[in-house]
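The values are calculated or read from the model by the stated rules, or taken from the named source; none is laboratory data. Every value quoted in this text rests on a predicted model; they were computed, and no experiment measured them. Glycine also receives a Cβ, built like all others from the backbone with ideal geometry; neighbour counts cover every protein chain displayed. Calculation scope for accessible area: heavy atoms of the full protein, side chains included, ligands and nucleic acids excluded. Shrake-Rupley method; radii C 1.70, N 1.55, O 1.52, S 1.80 Å.
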Amino acid sequence: MNRIRIDLMLRLLFLSFAIAVSDVAIAQAEHGQKPLHLFILSGQSNMAGLNPAHTFTPTVARAFGEKNVIVVKDASSGQPIRRWYKDWKMKGVETPKARGDLYDRLLKKVKAAIKGKKVATVTFIWMQGERDARMKWGPVYAESFNGLIHQLVKDLSRKEINFVIGRLSDFDLPNKRYPHWTMVRKAQVQLAESSPRGAWVDTDDLNDGRNRAGRPIKNDLHYSVQGYRTLGQRFAQASIRLIKGASRQKPNIILVMADDHGWGDTGYNGHPFVKTPGLDGMARAGFVFDRFYAGAPVCSPTRASVLTGRSPIRTKVTNHGRYMRPHERTIAESLRAAGYVTGIFGKVHLGSGQPNSPCNPSGMGFDEWVIGVNFFDNNPYLSRNGKVEQHKGKGSVILMDEAIAFLRKHKNRTRPMFTVIWFPSPHGPHTEIPDGPSLYDDQKMAGYYREITLLDQQLGRLRAELRRMQIADNTILWYCSDNGGLNHATSGGRAKKGSIYEGGLRVPAIIEWPSRKLKGRTTVPVTTCDMYPTLMSMINLRPDTSHPIDGIDATNIIAGKAKKRTKPMGFWHKIQGGQSTRSDRILKAIMLKQQAGAPLPHDQHRIRKDVDEFPQFPEDTATGHAAWNDYPWKLHRINGKQYELYNLTDDPMEKTDLSKDSKHAKRFEHMKTELNAWMKSVVQSLNGKDYKKK
């Protein structure tokens, strides 16, 4: 059966279910009743440890009304799926006597709870699989789960039911104690993603902290006290989305970022010769940020700020080449929990490209990835979900090929898409060239400008593909750069890349969402830390993290309703030095080992670099260059002792220091107090305070 026929059958199945639900809801409405929703929770130990009354039931009750939900739970620790599925069998394994007995017990509870009631929807929430992974029964897990669903459909006289699977955690990714751990994990995801009525939730961050006995745990088989509360909330949110069909209406989200693209190095910002027709067209069609700031003046830290909404130093990304701690909650994880399929393509420079590392993109919340661990140019070595390959051609074109393939693969499926495309250009060595006749031959920095035109061509190609795939209208596309450009003359301020002065932080940025008709231009400052909370707000959700976020929800700025930021922006560079990361050299060595069947990991410390160590910095640390931007005022603190104050409206090049001007003494002292307090809080985060479970 080909894919088109399968997709058609799934859609017809979903349509028949929607009609059936609608009929029940209409009948109930005619009698003055609201639809009644049944939630069935079952599984083994981690479901047994979940108390629905803590977070699950209150969440679904808020969504549908307390009187309109029925919650039934029955779980049993340490049990394989055959205790629920009556026809379980596996080649080479003797058919066991105990099959389906726990299902019968569950069904008895369910029927008692709904006796005499007309239920509009049924949602089955499942947290199980550990025993099957341990017993090496992974090959029949998907078949068994589908059989279990069909049992429920038949015994409850339904045409279809929703289901939510709690995917096995990151407890045994190497498959040492539970040989089929990752096999079952993958089966669970595939089950959910292959059905219009399925969803799965992430549990990788739930097994650290303190357990119910008060003992500290890390990557445990079971979850922390807070982990169980979070699990209940995630199960509820996924169930609500399935019932309301919300995931079908949410926009696709694509984040595109250049590497070293300066604010003034675009046609729409008035560059005298560089050709950027793609960006210029996007600027005309979308919304332009005139004062958009990278989270840091170099690459890795800004990338961490995009993913977390936090000052990158909080995440341990203190400079280029540092790994982001897997303790962080990323926008990819939040969107995946909200029903999105996630992919990242290009230069990541935040962690490992090896399999089974908590610091690779899987650990950051991405389902699919093709990445370099730093910048790359022609014929790059790239890691595809942990398997390294060498590609032929221009790196910026190759990553766009991969991103577009991801979009085509998922565009007709039920989950909206979150796609991150991080160009390696226009970073040196500037050997990539755009299509067409040779450009800028008589100009200084010709290679830099050629790569800007090359990435512009690829951005234009992406926008055209979105229209061709007929998904452009409901896609949020956000473009920016990771730090200031390489030419101080066009950087948009004083200095350039590597500096906390304006030229090192101010970058080009545009957002486009055709169905919402985002259009215009603002001088209100926005930063990469704002992207996470802003995008979550755009899809009517909040960042689901307990960590302090430095960014703000900028939707009112984009809507033209806000003329000033509600919160100043903090920047800090060189609290630590950077670390060299030679992407092609590292990934080539891994590829050769993989091809030879040699043992991995390659270069052991790169698997968990910066993960397990928490060096304690004094809370009054002030090394490097920090700044507090309360626009139009900007206060600098350099190596703890030197302060400079500028008014960016009157002095955009930061030439006239007003820190010793008596007219501004009160402002200076106020901003100094705020900056120093912010720096202290950042150091506390760096020292690990945010990860300590309460």
* To do: Write out, first by first residue and then by second, each pair whose Cβ atoms fall under 9 Å of each other, whose residues are 6+ apart or on separate chains, and whose first residue, in segment 462-473, is of a type in the set (S, T, N, Q) while the second is open to solvent by 30 Å² or more (accessible area, probe 1.4 Å).
  => Q470/K411
* Scan the strands (runs of 3 or more DSSP E) fully inside segment 330-385 and keep the ones with 1 or more residues being open to solvent by less than 10 Å² (accessible area, probe 1.4 Å) and at positive phi. => 341-347
* **Any chance S396 is under 15 Å from D456 (Cα atoms) and assigned to a helix (DSSP H, G or I)** => yes
* Structure fact -> Filtering segment 337-383 down to residues that are under 27 Å from P196 (Cα atoms) and not hydrophobic (A, V, I, L, M, F, W, C) yields G339, Y340, T342, G343, P361, S362, G363, G365, D367, E368
* Go through the residues of segment 514-521 one by one and say whether even a single one is of a type in the set (S, T, Y) and open to solvent by less than 10 Å² (accessible area, probe 1.4 Å). => no
* Asked: Does segment 247-260 contain at least one residue that is open to solvent by 10 Å² or more (accessible area, probe 1.4 Å) and over 20 Å from the mean Cα position of the chain (by Cα)?
  -> no
* Asked: Can you name every residue in segment 653-675 that is surrounded by fewer than 16 Cβ atoms within 10 Å (Cβ to Cβ) and either touching an Asp or Glu at 6+ places or on another chain (Cβ under 7 Å) or under 15 Å from S311 (Cβ atoms) (or both)?
  -> D657, E674
* Test I476 against the criterion of being within 21 Å of V420 (Cβ to Cβ) and either aromatic (F, W, Y) or modelled with pLDDT under 95 (or both), and give yes or no. => no
* Pick out the one residue from Q684, Q616 that is in a loop (DSSP other than H, G, I, E, B) and not β-branched (V, I, T). => Q616
* **Enumeration of residues in segment 200-234 that are open to solvent by less than 50 Å² (accessible area, probe 1.4 Å), more than 22 Å from the chain's Cα centre (by Cα) and over 21 Å from L173 (Cβ atoms)** => G214
* Asked: What about Y691, is it among the aromatic types (F, W, Y), farther than 17 Å from G570 by Cβ, out of contact with any strand residue (DSSP E or B) (no Cβ under 6 Å at 6 or more places or on another chain) and surrounded by 15 or more Cβ atoms within 10 Å (Cβ to Cβ)?
  -> yes
* Structure fact -> Picked from segment 609-633 (must be over 23 Å from G577 (Cβ atoms) and free of Cβ contacts under 8 Å to residues at least 40 places away in the same chain), the residue surrounded by the fewest Cβ atoms within 10 Å (Cβ to Cβ) is P632
* **Number of the exception - P601 against (1) farther than 30 Å from M671 by Cα; (2) open to solvent by less than 40 Å² (accessible area, probe 1.4 Å)** => (2)
* Which residue pairs have Cβ atoms closer than 8 Å, lie 6 or more positions apart in sequence or on different chains, and pair a first residue in segment 580-595 that is basic (K, R) with a second residue that is surrounded by fewer than 18 Cβ atoms within 10 Å (Cβ to Cβ)? -> K588/Q390; K593/P599; K593/L600
* Looking at (1) within 25 Å of G267 (Cβ to Cβ); (2) out of contact with any Ser or Thr (no Cβ under 6 Å at 6 or more places or on another chain); (3) crowded, with 20+ Cβ neighbours inside 10 Å; (4) hydrophobic (A, V, I, L, M, F, W, C), find the lone condition where L535 falls short. => (1)
* **Residue satisfying condition, being over 19 Å from C299 (Cβ atoms), of a type outside the set (D, E, K, R) and either modelled with pLDDT of 95 or more or under 19 Å from the mean Cα position of the chain (by Cα) (or both), within set G484, G460** => G460
* Asked: Hey, does segment 180-192 have a residue that's touching an Asp or Glu at 6+ places or on another chain (Cβ under 8 Å), among the aromatic types (F, W, Y), within 28 Å of T330 (Cβ to Cβ) and in a helix (DSSP H, G or I)?
  -> yes
* State whether the residues of segment 280-290 include one that is buried (at least 24 other Cβ atoms within 10 Å of the Cβ), in contact with a Cys (Cβ under 9 Å, 6 or more places away or on another chain) and either modelled with pLDDT under 95 or of a type in the set (A, V, I, L, M, F, W, C) (or both). => yes
* Any hit, segment 77-88, residues being over 17 Å from V140 (Cα atoms) and either modelled with pLDDT of 95 or more or of a type in the set (G, A, S) (or both) -> yes
* Lone qualifier among R408, R413 - being open to solvent by 10 Å² or more (accessible area, probe 1.4 Å), in a loop (DSSP other than H, G, I, E, B) and of a type in the set (D, E, K, R) -> R413
* Find the residue count for segment 470-488, including only residues that are closer than 14 Å to D260 by Cα and surrounded by fewer than 24 Cβ atoms within 10 Å (Cβ to Cβ). => 3
* Asked: Which of the residues belonging to segment 429-457 are open to solvent by less than 20 Å² (accessible area, probe 1.4 Å) and either in a helix (DSSP H, G or I) or modelled with pLDDT under 95 (or both)?
  -> A446, G447, Y448, Y449, E451, I452, T453, L454, L455, D456
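Let's see how each residue does on (1) on the phi > 0 side of the Ramachandran plot; (2) basic (K, R):
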{"residue": "P632", "(1), (2)": "no, no"}
{"residue": "G640", "(1), (2)": "yes, no"}
{"residue": "K655", "(1), (2)": "no, yes"}
{"residue": "L658", "(1), (2)": "no, no"}
{"residue": "E669", "(1), (2)": "no, no"}
{"residue": "E674", "(1), (2)": "no, no"}
{"residue": "V683", "(1), (2)": "no, no"}
{"residue": "Y691", "(1), (2)": "no, no"}
* Asked: Just wondering, is there one or more residues in segment 637-647 that are without any contact (Cβ under 8 Å) to a residue 60 or more places away in the chain, surrounded by 18 or more Cβ atoms within 10 Å (Cβ to Cβ) and over 24 Å from S491 (Cα atoms)?
  -> no
* Would you tally the residues in segment 458-499 being part of a loop (DSSP other than H, G, I, E, B), polar (S, T, N, Q) and more than 30 Å from N319 (Cβ to Cβ)? => 2
* Structure fact -> Scanning segment 500-512 for residues that are in a loop (DSSP other than H, G, I, E, B) and open to solvent by less than 10 Å² (accessible area, probe 1.4 Å), the one nearest to P251 (Cα to Cα) turns out to be P508
* Could you tell me which of the residues P277, P272 is of a type outside the set (D, E, K, R), farther than 29 Å from M417 by Cβ and open to solvent by 20 Å² or more (accessible area, probe 1.4 Å)? => P272
* Asked: Of the residues in segment 157-166, how many are in contact (Cβ under 8 Å) with a residue 12 or more places away in the chain and either open to solvent by 20 Å² or more (accessible area, probe 1.4 Å) or in a helix (DSSP H, G or I) (or both)?
  -> 3
* Asked: In segment 72-98, how many are over 19 Å from I161 (Cα atoms) and either among the hydroxyl-bearing types (S, T, Y) or surrounded by fewer than 18 Cβ atoms within 10 Å (Cβ to Cβ) (or both)?
  -> 13
